[in-house]
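The values are calculated or read from the model by the stated rules, or taken from the named source; none is laboratory data. Note that the structure is a prediction, hence the values are computed from the model and not measured. Positions of Cβ are generated from backbone atoms using ideal geometry, with glycine treated the same way; all protein chains shown enter the neighbour counts.
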Amino acid sequence: MKKILTTTALVAAMAAGSASAQQTWNMQSTYPGSLPQLGTLGQRIADQITALTEGEITITFQNPGGVVPALETFDAVGSGAVEAGWSTPGYWAGRVPALQLLAAVPFGPQAPEYIAWLKFGGGQEFLEELYEPYNIKSIICGVIAPEASGWFRQELSGVEDLRGMSMRFFGLGAKVMERMGVSTQLLAGGDIFPALELGTIDATEFSMPAIDLNLGFYQVASYYYFPGWHQQSTMFDLMINLDLWEGLSEQQQLTIETVCDANIAYGLAEGEAIQIEALRTLEEEHGVQIRQWSAEDLAALEAAWEETAAELVAEDADFARVYASYTSFRADYRRWRDLAYLD
């Protein structure tokens, strides 16, 4: 596919011949910068790239709507309307269904195993291949720990109570919920609370306790379910206009990649640490009722996921290729996991 060199990217590419050429980028985020991890990790990337390149690349973090609405970031990066974006590949399922496998997979791996597949099992190569036709360079730049399963107004007796609900849900997990009889919507973070408050949706999932606390879901739904079977770990990426990326010097590219690797480690450690106080606050100060799905409920959800995955593999050749790589790596990894790790 022949790429169109945007005006912004052309200017940047011409300037890239000089190591001291200065560039100013807008990085459109799909999350507000005030949101723990989802936003703050993106802000951290912008600040560190600016600092480590000594201003050769100055990145301005843009909150949702700063340049374009959150869910228009993909097109804006590809066209050059913005130079970069901060998001998760799973948001772009409508364009490239296989990208969901590079964001979060139901009943999928914890972060170390997921990163291992990304870095050494072929995941990064698929990421680059799937984004390239849209003129986007993608670098995984963050991974967060398990999410919660969802917020509900009433206690559920089991997954059978999900049938008939309207719920905000993300990615591949949404397809599983639809199979369970749920009507799902993908809403950006800032749109969820008013939808829940007004009754437009009956329930929601979004993220982990420290993030959900920040968004105040406890004010309108007091039952908080675990584990987050749909997102045991979630990847986030820095998207850069591909023409612009190719015009950078090797040192500039290496700097950005190094910042992203460091951000993965930082974000994972921070994400684990901040849940302790968040859970205490939710339970003790806000009266949130923590609940866990039974083994039978989880088995029903996993069976629904396996049926969903088989359908997606049959429908989309790229999804099939990426899923084959992912499942093969997990099968090979299982021997090491079973030998090395405690249950």
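Residues that are in the same structural domain as Arg321 (by TED's automatic domain parsing) and in a helix (DSSP H, G or I) do not occur anywhere in segment 125-141.
Of all the listed residues (Leu244, Leu254, Leu213, Leu238), the sole one being more than 22 Å from the chain's Cα centre (by Cα), closer than 29 Å to Pro112 by Cβ and of a type in the set (A, V, I, L, M, F, W, C) is Leu254. Ala300 falls short on exactly one of the conditions (1) in contact with a helix residue (DSSP H, G or I) (Cβ under 6 Å, 6 or more places away or on another chain); (2) under 28 Å from Lys119 (Cβ atoms), and that condition is (2). In segment 315-336, the qualifying residues are those that are of a type in the set (Lys, Arg) and either surrounded by 15 or more Cβ atoms within 10 Å (Cβ to Cβ) or in the same structural domain as Gly122 (by TED's automatic domain parsing) (or both), and the one that is nearest to Pro109 (Cα to Cα) is Arg330. Note on segment 259-291: residues that are in contact (Cβ under 8 Å) with a residue 12 or more places away in the chain and either within 26 Å of Ser79 (Cα to Cα) or among the basic types (Lys, Arg) (or both) total 3. Being at pLDDT 95 or above, in the same structural domain as Glu155 (by TED's automatic domain parsing) and more than 22 Å from the chain's Cα centre (by Cα) is a description that applies to Ser294.
Among the residues of segment 58-76, none qualifies, meaning not one is under 18 Å from Ile264 (Cα atoms) and in a loop (DSSP other than H, G, I, E, B). Counted as qualifying within segment 162-258 are the strands (runs of 3 or more DSSP E) with 3 or more residues that are more than 23 Å from Asp297 (Cα to Cα), namely 234-241.
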